Amino acid sequence: MEGKEPKPEDPTMRTALLVINCVILTVGNSGGSLISRVYFVHGGKRIWFSSWLQTAAWPIYIFIIAGAYMYRSRTTEPTSENKLFYMKPSLFIASAVIGILTGLDNYFYAYGVSLLPVSTCNLILASQLAFTAGFAFLLVKQKFSAYSINAVFLLTIGAGILAVPTSGDEAENESKREYTVGFLMTLAAAALYGLVLPLVELMYQKANQEITYALVLEIQLVTSVFATAFCTIGMLVNNDFKVIGREAREFDLGETKYYVVAISSAILWQGYFLGGIGIVFCASSLLSGMVTAIQLPILEILAVIFFREKFEAEKGLSLVLSLWGFLSYFYADIKKLKRMKRLKQKQKQENPETDMKSVELRNNVDSGV
């Protein structure tokens, strides 16, 4: 008998796991975005190094997986087969490919955030939802309602408004050309990660083994290792390893805080990626994209507080459109839940005997009758 982690089929358990992953993603995304900007604002210039940091904390997963293995060893029956890793070769290869794409996406994002304010960068990243929706439709046959289509449209338009730089967006000594490059690189990051999430969902669907949350951790481990390896090659080519020590000594906040920023960035970004694929596991890639996009107001406020960024009319309009899109998406979900609840109540009122028979049948099955 092959030992497996139980898949959370219980709705309450799955909802709790979904909420936990949403929290992990929110903290990782908000904190990671701010810390990455801190690195560039205070003297950091190594784009490949910043990319590398986004997945460099992958050894964390080894401790988590090892801890789960030790727990299973103590709690499972001696006759059951307990493995440290359950991933099959086909799933390993798929995770490795996604890891390389993630490494490239990290580079695009780091390049963009090195040139753009946090608020502008994350408003552009709101367009990721449109790419996620499009690829989800093509790859996993995601179904859309009028409300979800409206949400994707509004979020895309909101991000598009920021394509033209304003005087408040341009950093000191930054040209319009640099702004345009930053915009395009950030948009490329949104598009590529919009592809990655549906690919993860497709991988779950096509896997020839049961996907459990323990296996999700293994997938994220492999993905992070290959993403880090991809960025490591970039660092070697760019000679980043040779200048990190000098850059730390010249960092505006001091050498110690330079390494604190680097370590914090690595840990926070792992939370973002784990939360993202965890939401895909619990729900769908589209919801994962929505949870990422809905953090936009939080990041806007934090950017104004910590970096004293200006909040021009263009950003205000983009924010309003984005919030409108969020509300449209979740309004559809609320209507769907209410409709299902009314339908169940109507069925109980019209066929009480049928409902009692189904309850009796379930009880008989559970008791082994």
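The values are calculated or read from the model by the stated rules, or taken from the named source; none is laboratory data. As the structure is a computational prediction, the values presented were derived from the model and not from experiment. All Cβ positions, glycine included, derive from the backbone under ideal geometry; neighbour counts span all protein chains shown. Calculation scope for accessible area: heavy atoms of the full protein, side chains included, ligands and nucleic acids excluded. Shrake-Rupley method; radii C 1.70, N 1.55, O 1.52, S 1.80 Å.
A probe of 1.4 angstrom, applied to the heavy atoms of all protein chains, finds residue 81 with accessible area near 90 square angstrom. Divided by 2.2 N^0.38 Å, where N counts the residues, the Cα radius of gyration of region 11-158 comes to 1.33.
Convex hull volume of the Cα atoms of region 177-263, normalised per residue: 150 Å³.
Here r is the Cβ-Cβ distance between residue 41 and residue 241 and R0 is 30 Å; the resulting FRET efficiency, rounded to 0.05, is 0.85. Could you give me the ³J(HN,Hα) list for region 218-223, computed from phi with Karplus coefficients 6.51, -1.76, 1.60 and θ = phi - 60°, whole Hz, x at Gly and Pro? Per-residue couplings from phi come out as 5, 4, 5, 4, 5, 4 Hz. Computed from phi, the 3J(HN,Hα) profile of region 91-104 under the Karplus parametrisation 6.51, -1.76, 1.60 (θ = phi - 60°) reads 6, 5, 5, 4, 5, 5, 5, 5, x, 5, 4, 5, x, 5 Hz, with x in place of Gly and Pro.
Shape class for region 206-250: prolate, because the ratio a/c of the largest to smallest gyration tensor axis (alpha-carbon atoms, square roots of eigenvalues) is 1.5 or more and a/b beats b/c. When each of the peptides 199-206, 185-192 is scored by the mean number of other C-beta atoms lying within 10 Å of its residues, the order from highest to lowest reads 185-192, 199-206. Across region 239-252, rounded Karplus estimates of 3J(HN,Hα) from the backbone phi angles (6.51 cos²θ - 1.76 cosθ + 1.60, θ = phi - 60°) give 6, 5, 4, 6, 10, 4, x, 5, 5, 5, 5, 8, 5, 4 Hz, Gly and Pro being marked x.
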